[in-house]
Amino acid sequence: MSTDFLGNDVSTDDPAALAAIDDFVGGLISYQTRIANILSAAHPGAPALVQVYVGVLHLLAETTGAEATALPNLHTAQAASASANARELRWIEVLRDWIAGDIDATIAALEAILADHPTDLGALKLLQYHLFNRGEFAAMLRPALAVQERAGDLPYLGGMLAFAYEQLHLLDEAQAAAQTGLAIVPDDPWAQHALAHVWLTRGSIDTGLSALEAWAPGWVGLNSFMVTHLWWHLALFYLSKGRNAAALGLYDDHVWAHDRSYSQDQVGAVSLLARLEAAGIDVGSRWSDLADHLAARSADTLLPFLSVQYLYGLARAGRSEADALLEAIAQRAEQDAPGGVWRLAALPLSQGLLHHARGAFAAAVPLLSEAVPRLAHLGGSHAQRDLFDVLRVDALVRSGDWAAAQQALEVRRASDPDGVPINTALAQVYDALDLPVQAAVARARLA
C-alpha cells in the first residue's frame, strides 16, 4: 500500500501509476495540464483508480457523448475492483453514477469519500464542481470548511474556500481565505481567480487590474479553461477602464487562443465578445470565426449555462444552428419539472438572447427581465451570469426605454462607479431624458 501526495492510501506500488495519480489529482486542484498524464497510465492491468480518473477526465470535457467515452474505463475499473481499497471503491461509484447522469448520487458518493478521507482534495474539487453547476453555493462551502477543520490548511484548499465564500457574497471571508491559500501556494490560480471576483464585485478595478497583470507571467502550465478565464477576468477590468483595444487584444491573444473545441473556452469567448459589443466596440468578423466552432453544439443541452451562450454566439453570427439549439432547449424545458431551471430560466433567457442577437431589442427586454432574476441555479459564477444583465440593460438602451435604462444603469454603477461603459451609457440616457446636468456628471466620470 502506497499513498498519493496528499497522504491518501492507494492500492498500487507501481511508480508510473503513482506518478500518474499524483498528476491527476494535483492537476485537477491546480488546473494544470499535467492532469492529462493519467491517460498514458491507463494500460491493461492498471489500478482501478487510474481507470476511474481517466473516466472522470473524459466527463470533464463537458461534451455530449462523453459518458460513452468514459464507460469502458468504468468497466475496466470494476473488473479491477478486487484489489481496490474502500476509498477507491467509492471512486468507482462516483464514475458509475456520473456516467448514468445521476448527479445526486455522484454528489453523495463524493461526500462519503470526504467523510472518511478529508485530505482527498480531488473529491472536494469535483464535489464543488457539481454543486457549482447547480448554483448550490452554501453546499460548496460546507465540505470545504469541514476539510479545513479536520485536515488544516492544505495546498489549494484556500482557493476552494475563497470561491465558495465569494459566491455567497461573503467577500471579506473570501479575501482572507484566498490570501491564506496564496501564502501556501503563491501561484494558486483558483485563489487568484477568487480575488479577481472580490475586486470586481467591490469595484476595486485598479487593484484587480494591477494584481492580475502582475500574476499573468506565472500563468504557465495551466489548462485552457484556467488560463483563458484568468485573462477573461483581466479583460473585464480593462473594459471598465475604457481600455478597449487592450481588452480586444486579450480576446485575440489569450481568451480565444487555446482549445477552441472546449466548452469553457467557447463560452468565455462568447461572453467577452458580447461584453465588448455592449461597450460599443466593433468586433469585426470574430463572431463568424467563433460560430464555426460552436456549430457542433446545435443540440448540446448538457448544462444550461453553456447552452444559452452557445445559442447567443451562433445567433450573433447569423447561423441557423441557433434556431436548432433553441428548439433543443425548449424540449428540455418541456421535459423539466415545474420550477426547473430549464423551464423557468434557460428557455426565456434563450429566447431573449436570440432576440437581442438579432437586433430585436424591444422584444428581448421582457424575456431577459423575466429570466435574469431566476438564474441562480443556471450554473456559472456571479461574474459570468452578469453577462445576461449586461445584455438586458443593453437592450433597454437600444430600444429607447430610457427610464428603465436609467434605473438599471445606476444600480450597476453602485459596484463600478467610474466604469467607462456604464457612464458612457448613462450620459446617453440622461441626454435622452433631458437631464443635461446628470449627463454632464456622467461624462465627467469618464475624464
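Near the amide H of Leu222, under 5 Å away, which other amide H atoms are found, from residues 5 or more places off or on another chain, if H is placed in the peptide plane?
Here the answer is Thr33, since their amide H atoms fall under 5 Å of that of Leu222.
Just by accessible area at a 1.4 angstrom probe, what is the order of Phe237, Phe361, Phe5 from largest to smallest?
Output order, biggest surface exposure first: Phe5, Phe361, Phe237.
Tell me the mean residue ellipticity at 222 nm calculated for the chain from its helices only (DSSP H runs of n ≥ 4, each -39500 (n - 2.57), averaged over every residue, nearest 500).
-21000 deg cm²/dmol
At a 1.4 Å probe radius, which order do Phe225, Phe388 fall into by accessible area, largest first?
I get Phe225, Phe388, largest accessible area first.
Among 396-402, 126-132, how do they line up from the highest to the lowest mean number of other beta-carbon atoms within 10 Å?
Answer by packing, highest mean first, reads 126-132, 396-402.
Taking the chain as the reference, fit the longest principal axis to its C-alpha atoms, fit the long axis of helix 205-215 to the helix C-alpha atoms, and give the angle between the two in degrees, 0 to 90, nearest 10.
Its long axis makes an angle of about 40 degrees.
For the chain, set up a Gaussian network in which alpha carbons nearer than 10 Å are linked by springs, and say which option among Gln335, Gln309, Gln406 fluctuates the most.
Among Gln335, Gln309, Gln406, the largest GNM mean-square fluctuation belongs to Gln335.
Please work out the Kirkwood hydrodynamic radius for the chain, using every pair of different C-alpha atoms, and report it in angstroms with one decimal place.
Across the chain, the inverse of the average 1/r is 22.9 Å.
For the charge dipole of segment 95-213, defined by +1 on Lys and Arg C-beta atoms and -1 on Asp and Glu C-beta atoms about the Cα centroid, which residue among Ala183, Ser210, His169 has the Cα displaced farthest towards the positive pole?
Farthest along the dipole direction, towards plus: His169.
Report the calculated FRET efficiency for Gln335 and Ala115 (r = Cβ-Cβ distance, R0 = 30 Å), to the nearest 0.05.
0.35
Report, in debye and to the nearest 20, how large the dipole of the chain comes out about its Cα centre when Lys and Arg carry +1 and Asp and Glu carry -1 on their Cβ.
Charge dipole, the chain, about its Cα centre: 960 debye, nearest 20.
Which one of Asp300, Asp289, Asp188 has the biggest mean-square fluctuation once the chain is modelled by GNM with Cα springs under 10 Å?
Comparing Asp300, Asp289, Asp188 in a Gaussian network model of the chain, the most mobile one is Asp289.
Roughly how big is segment 66-164's charge dipole about its Cα centre, with Cβ charges of +1 (Lys, Arg) and -1 (Asp, Glu), in debye to the nearest 20?
Using only the charged Cβ atoms, the result is roughly 120 debye.
Choose one answer from Ala371, Ala77, Ala146: the residue with the largest mean-square fluctuation in a GNM of the chain with alpha-carbon springs under 10 Å.
Ala146
The values are calculated or read from the model by the stated rules, or taken from the named source; none is laboratory data. No experiment lies behind these values; they were computed from the predicted model shown. Neighbour counts are summed over all protein chains in view; Cβ atoms, including those assigned to glycine, are modelled from backbone coordinates with ideal geometry. For the accessible areas, the whole protein counts, side chains as well, though only heavy atoms, and no ligand, DNA or RNA atoms are used. Shrake-Rupley method; radii C 1.70, N 1.55, O 1.52, S 1.80 Å.
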